[in-house]
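Please read the structure below before turning to the comments.
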Amino acid sequence: MARSWCAVLILGAAWMGLLGLGPREALSDVIPLGDLIATGGSIHVGDDVFDQFTYSSTGQMPTASNVLVSGINDIAGNPGLRFQGGFTDAFDPTTPQQASSGVITYRVTSLGVPITTAHLFGDPIIAGPGDGVASTTETFITAMNAYQGEIHAVTNAGVHDTRLTDAIPIPPVSSIAQVNTGIFAFNLGGFPVLPFVEQTFGPAVVIPEPSTATLLGLGIIGLIGSCWRRRSARA
């Protein structure tokens, strides 16, 4: 029984590390993006106000009514938004394959301390055995400049590359006139999926996911060592 629990703990910790999971606190009701656009609605999270939403899509990306928006706080307490939807690209063997894309835009205004950092997080994956791309590129347009961050999952000739987080420093501003969230998926035999994207803003620094993965790795090593010692003691 002890050996079984060791296996469960190790596999669970490894799975959490691979997914880059961390506590993200949902702070508002889930609202369809289509409703925010139709009513000119806004979402308030802490001192930040998110408004002026727009959306466009091509291919198999979801409609605005099927994209769900909620306010969140990230692991460092930065306010922001989570976008959930079936962001994907289906494979069509009857025609030359075309990528699917979606673009969400909005404005963010801080009523408190200036914004100095933008944080991007998501879980892009290539679910099938073939090649494919699932990515999000964020462009932050202030009064004078534009800044960019990116996450992705890419499988090319069977070689995988994944990036789940990005942090983008911004000179202190009270408002970002437009946040441009570009979501891209290209199915080349492997099924690209991006179930959610999170974007948060603030002066607080988020602990990078690689550091979380490192801590989880150390924990896994400790679990393996503990299980090995128990096994040796029984022998």
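The values are calculated or read from the model by the stated rules, or taken from the named source; none is laboratory data. In this text the structure is predicted, and so the values were computed from the model without any measurement. Don't worry about glycine lacking a Cβ; one is built from the backbone with ideal geometry, like all the others, and counts go over all protein chains shown.
Yes or no, residue by residue, for (1) touching a His at 6+ places or on another chain (Cβ under 7 Å); (2) closer than 22 Å to THR165 by Cα; (3) in a loop (DSSP other than H, G, I, E, B):
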residue	(1), (2), (3)
HIS44	no, no, no
SER56	no, no, no
PRO62	no, no, yes
SER70	no, yes, no
ARG82	no, yes, no
PHE87	no, yes, no
SER101	no, yes, no
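Here is a check on your reading of the model: is GLU150 at pLDDT 95 or above and either among the acidic types (Asp, Glu) or at negative phi (or both)? Judged against the criteria, GLU150 is a match. Here SER65 meets the list (1) touching a residue at least 40 places away in the same chain (Cβ under 8 Å); (2) of a type in the set (Gly, Ala, Ser); (3) more than 17 Å from GLY182 (Cβ to Cβ) almost entirely, failing just condition (1).
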